[in-house]
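Down below is the structure, laid out as structure tokens.
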Amino acid sequence: MLVFGLGTFPWFSLGLTVCLFLPPDWPRRTPRLRNWLAARVPLPALPAPPTLPRTAPALLAFLAVYLVVQLLVPLRYLLYPGDVHWTEEGHQFAWHMMLRSKTGSVYYQVRRPDGQLDIVDPLRYLTPRQQHYLLSNPDALLQFAHFLARDYQQRGLGPVAVYAVSSVRLNGRAARPLVAPDVDLAALPRQLAPYPWISD
């Protein structure tokens, strides 16, 4: 808990362990706790076992579909080529928590129609936490490039070409570009299909 900085998550997990792995009536069967509860909280009589409603088959069908979705969505990263920890494609909801760490730097080059090249530090627009996410996620790099292109257009300085210059280390390995620096990200669409412009 102290190493990974997970906050309250481990404490909730420990508390729920009691609910998951002990029978529901365990407080009544623990002598000290039973006496303490009896003195403070009157124990209600157990209700009669419930009967299944007429909607039970529809509810079971819904739960079955929900369960299948919960099992398949985390496996969608297998549909994408490359290392999911590098490309981040299919990484969301993929049961890959705490399996990768990315560090490095990123800045943007914005080429105006007159040929002038501007260097843009993302921290001019983002918080350090947002910049860290930007650094690790190619789709976020693309979204921010689109944002910069719109920003220049609204200021009457566009249309522009936007390039990301990144140097990223994955799990302590040697740094390398996440995106080729000669790719105009402003001209590329967001999509669910694999991004061919992510560096190998």
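The values are calculated or read from the model by the stated rules, or taken from the named source; none is laboratory data. The structure presented is a predicted model; accordingly, all values stated were derived computationally and were not measured. Cβ coordinates were reconstructed from backbone atoms using ideal geometry, including for glycine residues, and neighbour counts include every protein chain displayed. Accessible surface areas use protein heavy atoms only, side chains included; no ligands, DNA or RNA. Shrake-Rupley method; radii C 1.70, N 1.55, O 1.52, S 1.80 Å.
Give me the pairs, please: first residue somewhere in the stretch 159-176 and more than 22 Å from H85 (Cβ to Cβ), second residue anywhere and part of a loop (DSSP other than H, G, I, E, B) and among the aliphatic types (A, V, I, L, M), beta-carbon distance under 7 Å, and either six or more positions apart or on two chains.
Matching pairs, first to second residue: Y163/V183.
How about the stretch 52-165: which helices (runs of 4 or more DSSP H) wholly inside it have at least 3 residues that are open to solvent by 80 Å² or more (accessible area, probe 1.4 Å)?
Values: elements: 56-72, 84-87, 128-136, 138-154.
Here the list reads 56-72, 128-136, 138-154.
Restricting to the stretch 166-175, name every residue that is of a type in the set (S, T, N, Q) and either at pLDDT 90 or above or buried (at least 16 other Cβ atoms within 10 Å of the Cβ) (or both). Before you say what the answer is, go through the steps one by one.
Filtering the stretch 166-175 for residues of a type in the set (S, T, N, Q) gives 166-167, 171.
S166, S167, listed by residue number.
All but one of (1) surrounded by 11 or more Cβ atoms within 10 Å (Cβ to Cβ); (2) modelled with pLDDT of 75 or more; (3) farther than 30 Å from L148 by Cβ hold for P27; state the number of the condition that does not hold.
Of everything listed in (1) surrounded by 11 or more Cβ atoms within 10 Å (Cβ to Cβ); (2) modelled with pLDDT of 75 or more; (3) farther than 30 Å from L148 by Cβ, P27 misses just condition (2).
Give the number of residues within the stretch 176-193 that are under 23 Å from L79 (Cα atoms), in contact with a helix residue (DSSP H, G or I) (Cβ under 9 Å, 6 or more places away or on another chain) and either open to solvent by 70 Å² or more (accessible area, probe 1.4 Å) or modelled with pLDDT under 90 (or both).
Adding up the residues that qualify gives 2.
Looking at the stretch 72-89, is at least one residue among the small types (G, A, S) and at negative phi? Spell out the reasoning first.
The first filter runs over the stretch 72-89 and keeps only residues among the small types (G, A, S), leaving 82.
Filter again for at negative phi, leaving none.
Checking the stretch 72-89: not a single residue is among the small types (G, A, S) and at negative phi.
Can you find even one residue in the stretch 109-118 that is more than 20 Å from the chain's Cα centre (by Cα) and on the phi > 0 side of the Ramachandran plot? Break it down into steps so the answer makes sense when it comes.
Kept after step one, since they are more than 20 Å from the chain's Cα centre (by Cα), are these residues of the stretch 109-118: 109-118.
Next, from what is left, pick out any that are on the phi > 0 side of the Ramachandran plot: 115.
Yes; the residues of the stretch 109-118 include at least one that is more than 20 Å from the chain's Cα centre (by Cα) and on the phi > 0 side of the Ramachandran plot.
For the stretch 65-90, which positions are touching a residue at least 24 places away in the same chain (Cβ under 8 Å) and closer than 16 Å to Y133 by Cα?
The answer is H85, W86, T87, E88, E89.
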